[in-house]
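The values are calculated or read from the model by the stated rules, or taken from the named source; none is laboratory data. As the structure is a prediction and not an experimental result, all values here were calculated from the model. When we count neighbours, we look across all protein chains shown, and the Cβ atoms used for this are built from the backbone with ideal geometry, even at glycine.
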Ligand code: ATP
């Protein structure tokens, strides 16, 4: 598998605060790669630097053999990098159809609109049923499917997903993840960031663990699942304080969805 994306020694942040420090990751053609980490680790910041929404202060980015450090965000979409952002960010007052068309704004994607739309409906049949519905009236899971569908309308070579399971029930996470697997099988490489580590490792080929803006561990999904650090930090059942009167509950936190990437 040849290398599609390389982010090498990236430093980036906001104002005077450095968030990413010497961050290096790669995605090869056809790979599904996850980046896991706690709140505030820098996952979303990584997607912003990769898509050109935030400049890298140091380091370099290469996509499909070309340096893209100074390529603006809209050109990166044209080159084949599309993002389904955290929180979906669908346009609530536009219909499903209008939201999807916005994803194929670039001239190259626009030429293939009809064909791409049909491909997106194959992955997300529900979107075809809801074409004239206002996006804001859809459920969280349907909005997530729309956000991914909109990104696919750009005909990306690399699909970047920021927390696709956020706020979704386990059953819906399985649906969304099955769609991601289907997308990968159609030849789209995927980089996704997640807090739902169990679900993420069930579909990823490889993954990175991010903490305080640095990669602290990388490996195949099986290696990460077997890592004591990953097990203790992310996979062990947590005791959650549900009821201040009754004390701690020993219920497992939600989000234990599992999808097979067979
Ligand atoms: P989460 O899962 O909570 O979104 P994350 O791993 O995606 O976490 P980031 O959103 O990348 O983390 O945030 C990393 C750090 O950057 C945090 O300390 C956050 O407060 C800070 N940060 C994020 N966005 C901005 C911004 N627009 N301006 C200033 N600081 C920011």
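Going through segment 21-45 one residue at a time, which ones are more than 7 Å from the ligand (Cβ to nearest atom), under 30 Å from residue 231 (Cβ atoms) and out of contact with any helix residue (DSSP H, G or I) (no Cβ under 9 Å at 6 or more places or on another chain)?
Of everything in segment 21-45, those that are more than 7 Å from the ligand (Cβ to nearest atom), under 30 Å from residue 231 (Cβ atoms) and out of contact with any helix residue (DSSP H, G or I) (no Cβ under 9 Å at 6 or more places or on another chain) turn out to be 21, 22, 24, 26, 27, 28, 33.
From 200, 151, 179, which residue is at pLDDT 95 or above and either assigned by TED's automatic domain parsing to the domain that holds residue 122 or in contact with a helix residue (DSSP H, G or I) (Cβ under 9 Å, 6 or more places away or on another chain) (or both)?
Answer to the check: 151.
What residue, of 180, 209, is crowded, with 18+ Cβ neighbours inside 10 Å, at negative phi and within 16 Å of the ligand (Cβ to nearest atom)?
Within the list 180, 209, the selection yields 209.
Scanning for something modelled with pLDDT of 95 or more, surrounded by fewer than 17 Cβ atoms within 10 Å (Cβ to Cβ), over 24 Å from residue 145 (Cβ atoms) and away from the ligand (no atom under 11 Å from the Cβ), does segment 13-20 turn up at least one residue?
Within segment 13-20 (the criterion being modelled with pLDDT of 95 or more, surrounded by fewer than 17 Cβ atoms within 10 Å (Cβ to Cβ), over 24 Å from residue 145 (Cβ atoms) and away from the ligand (no atom under 11 Å from the Cβ)), the answer is no, since none of the residues qualifies.
Counting residues that are more than 22 Å from residue 188 (Cβ to Cβ) and assigned by TED's automatic domain parsing to the domain that holds residue 140, which strands (runs of 3 or more DSSP E) fully inside segment 1-91 reach at least 1?
In segment 1-91, no matching strands (runs of 3 or more DSSP E) lie anywhere.
Among the numbered criteria (1) free of Cβ contacts under 8 Å to residues at least 60 places away in the same chain; (2) part of a helix (DSSP H, G or I); (3) farther than 30 Å from residue 10 by Cα, which single criterion is violated by residue 109?
The one condition residue 109 does not meet is (3).
Any idea which of (1) within 16 Å of the ligand (Cβ to nearest atom); (2) modelled with pLDDT under 95; (3) touching a strand residue (DSSP E or B) at 6+ places or on another chain (Cβ under 8 Å) is the one residue 103 doesn't satisfy?
For residue 103, the failing item is (1).
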